[in-house]
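Report on the following structure.
Bear in mind these aren't lab numbers, they're just calculated from the coordinates by the rules spelled out. Source: prediction; values computed, not measured. Here the Cβ positions follow ideal geometry from the backbone for every residue, glycine too, while neighbour counts run over all protein chains shown.
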Amino acid sequence: MRLADLDVIVTAPPAPGWGGRYWILVKITTDTGIVGWGECYASSVGPKAMEAVIRDVFERHMAGEAPENVERMFRRAYSSGFTGRPDLTVIGAFSGLEIACWDILGKHYDRPVWALLGGKTNDRVRAYSYLYPMAHHALPAFWGDANMAAEAALDLVGRGYTAVKFDPAGPYTMRGGHQPSQYDIGASARFCQTIRKAVGPKADLLFGTHGQFTAAGAIRMARAIEPFDPLWFEEPVPPDASASMAKVAAATSVPIATGERLTTKAEFADALAHGATILQPALGRAGGMWEAKKIAILAEAAGAQMAPHLYAGPIEWAANIHLSVSIPNLLIAETIETPFHDALIKGAIRVEDGYIPAPTAPGLGIEVDEALARAHPYNGDGLHLEMQEDPPRYDAPQLFEGGAPMKKD
């Protein structure tokens, strides 16, 4: 059995677009007719350029290869271009293609992917969700309103979730780390206090940021939220500033989580060495499922836990779940529940009372609605997520609008 054909589908989730502007789905067909699906979580370049990278990686390093040779194909993608170091775009392309190989192998052997990754350690996977606005919440006001956030948190707790994530700490800019404004610090403390009062001990608070602070700024923020005992402080400094992350980790009792923007075991090993105790690989970027298993082993040896990240579509989510089922140091896995996520995999994987049961069907355990994916093409030229160019303000609140900002006239 050999990898024969590749198709790439760039699909745009309908508004409001939780999970990003578009999802890059890959479909690999073997010479025996087995189809495997994967998803690439990469946002460094636009979707047309990314599709060209995906096709090049497949044709150069994978076409004609046996799907089980994931280690060999990874080494080709990692090193053949006189690189031998993490490359977010190339490894992002490889990651989705590698996930498709595992889907193929599971279908070929008639076993769930987790069974090929060491077997079942967890019968079910604890899930968490970002706080998204409910139908009656006004946008963009929701993103800066602690009371609306608490209402959304209570809704999730009522559905069985035991952890909720929120991100009120101001804008993400392309300028690197900055000091938070007093508005950012005050809003963050207010969100933590209000949500903690609403949910009590029923849910952990996951304090999200995306690398927007200097070490000193992150330490100030950590002091403000510490009284409410969040389970983690996510990516407090830019992903290229591991020494700064170590300073933050040493200065706060809040566990440091990171990994959404990291790729391969090399970068995750560095994060572990600099104070991270919760790793958040996105499998469509981190190197695929085999590389993620290695990252989990590194974390286990360091006494750290895994919390696979999701800001993409349901194919990457399915891969995250199979990894989560197979590892002993699982903490929790992110999920996004929208009708489009559900429909794209025909309801094959769902959250049940805050947990996701281990899939039982072969491969990734999903059936992709290819017609639905093709019926929602992405025709723009934006990146999956985009940082603002304007510097942060210190004279007024600024909102991060949940990854799906409203269009402005």
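Spread over its residues, the convex hull of the C-alpha atoms of region 271-407 is 173 Å³ per residue. Cα-based radius of gyration for region 195-313, normalised by 2.2 N^0.38 Å, reads 1.03.
Distance between the pseudo-spin-label points of A273 and D342 (7 Å out from Cα toward the beta carbon): 4.6 nm.
Radius of gyration over Kirkwood radius for region 71-178, both on Cα atoms: the Rg/Rh ratio is 1.13.
Volume of the convex hull of region 110-245 (Cα atoms only), normalised per residue: 167 Å³. Working note: Debye formula, equal point scatterers on the alpha-carbon atoms of region 269-345, no solvent; log10 I(q)/I(0) at q = 0.19 Å⁻¹ is -0.73.
For region 347-401, the share of alpha carbon pairs falling in successive 5 Å distance bins from zero is 4, 11, 12, 11, 11, 14, 13, 11, 9, 4, 1, 0 percent. Candidates T277, P314, F340 compared by Cα position along the dipole of region 115-363: farthest toward the positive end lies T277, with charges placed on Cβ.
Potential lengthening of the chain between A243 and S79 amounts to 56.4 nm, from the contour at 0.36 nm per residue minus the alpha-carbon distance. Protection proxy ranking of 387-394, 61-68, by the mean of other Cβ atoms within 10 Å over each peptide's residues and highest first, is 61-68, 387-394.
Computed over region 313-370, the alpha-carbon pair-distance distribution with 5 angstrom bins reads 4, 19, 33, 27, 13, 4, 1, each value a whole percent. Sorted on the mean count of surrounding Cβ atoms within 10 Å across their residues, most packed first, peptides 284-297, 77-90 read 284-297, 77-90. Taken about its Cα centre, the chain carries a charge dipole of roughly 560 debye when the Cβ of each Lys and Arg holds +1 and the Cβ of each Asp and Glu holds -1. Mind scanning K165/K202; K107/K294; K202/K247 and naming the pairs with a C-alpha gap bigger than 25 Å? Violating the 25 Å Cα-Cα cut-off are K202/K247. The share of C-alpha pairs in region 115-363 whose separation exceeds 29 Å stands at 27 percent.
Here's the list of lysines a cross-link from K293 could span, going by alpha-carbon distance under 17 Å and ignoring same-chain residues fewer than 8 apart: K120, K265. Once you reduce region 171-211 and region 116-169 to the center of their Cα atoms, the two points are 14 Å from each other.
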